[in-house]
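Visitor: I have a structure here, written as structure tokens, and I will follow up with some questions on it.
We did not get these values from a lab; they are worked out from the coordinates using the rules stated. Values in this document were obtained by computation on a predicted structure and should not be read as measured data. Here Cβ is always computed from backbone atoms with ideal geometry, including for glycine, and neighbour counts include all displayed protein chains.
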Amino acid sequence: MSDRPHIRVELLSNPIYLCGARELVGSVAKRLGFDDLDCSKIALAVDEALCNVIRHGYQRRTDRPIWISIWPVENGSGKPAGIKIVIEDEAKQVEPLKMRGRELADVRPGGLGVHIIREVMDEAQYERRKGKGMRLTLVKLAHAGAAPVRLSSRSAQSVVASKRQASGR
């Protein structure tokens, strides 16, 4: 893997751009061989990380920079074996060891982003950037032999037949 990212995007800390970031990351993950479920999980982890930067790092300011960098993780033969995503900002620095969500037993909305990120990704490393800001490095490896979940043609026909029967056609 080269030091230079294959994709690098800068966006402002405005929540309206979150959907574009999710779509970009999900689409790249798909091209790197992840199935639809893993693509959705990776996009969710990135969305949670970006929301945390906006909400906690920038205190909801909508004019601050965030950078997303993406690399394929390659196996020994040069084929994609995963994805590496780095999210950087210029927000206030926090101690990386203090980056954790609230207690799971505390049932209420919010506060689960860090738990989701760590559950979804194979690696999640928070660190301070030199000078100012934070860096989150995320890695998700493709699981060898895992085939995407697909409907077989017979299953698809059954679904269509069930819908027709339910609609009276």
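Visitor: Full extension from HIS115 to ARG8: what is 0.36 nm times the residue separation minus their Cα-Cα distance, to one decimal in nm?
Guide: Difference between extended and current length: 36.0 nm.
Visitor: May I ask you to list the lysines whose Cα is less than 20 Å away from that of LYS140, ignoring any residue fewer than eight positions away on the same chain?
Guide: Within the straight-line limit of under 20 Å, LYS140 reaches these lysines: LYS30, LYS41, LYS79, LYS84.
Visitor: Working out 0.36 nm times the residue gap between TRP67 and THR137, then minus their Cα-Cα distance, what length gain in nm do you get to one decimal?
Guide: Gain in length upon complete extension: 24.0 nm.
Visitor: I would also like to ask the following. Measure of size requested: the Rg and Dmax of the stretch 52-91, with Cα atoms as the atom set and Å as the unit; please supply both.
Guide: 14.8, 44
Visitor: Expressed in whole Å with the largest first, what are the equivalent ellipsoid semi-axes of the stretch 1-98 derived from the C-alpha gyration tensor as the square root of 5 times each eigenvalue?
Guide: Whole-Å semi-axes of the equivalent ellipsoid: 25, 15, 12.
Visitor: Given R₀ = 35 Å, FRET efficiency for ASN75-GLU95 by Cβ-Cβ distance, to 0.05?
Guide: Rounded to the nearest 0.05, the efficiency is 0.50.
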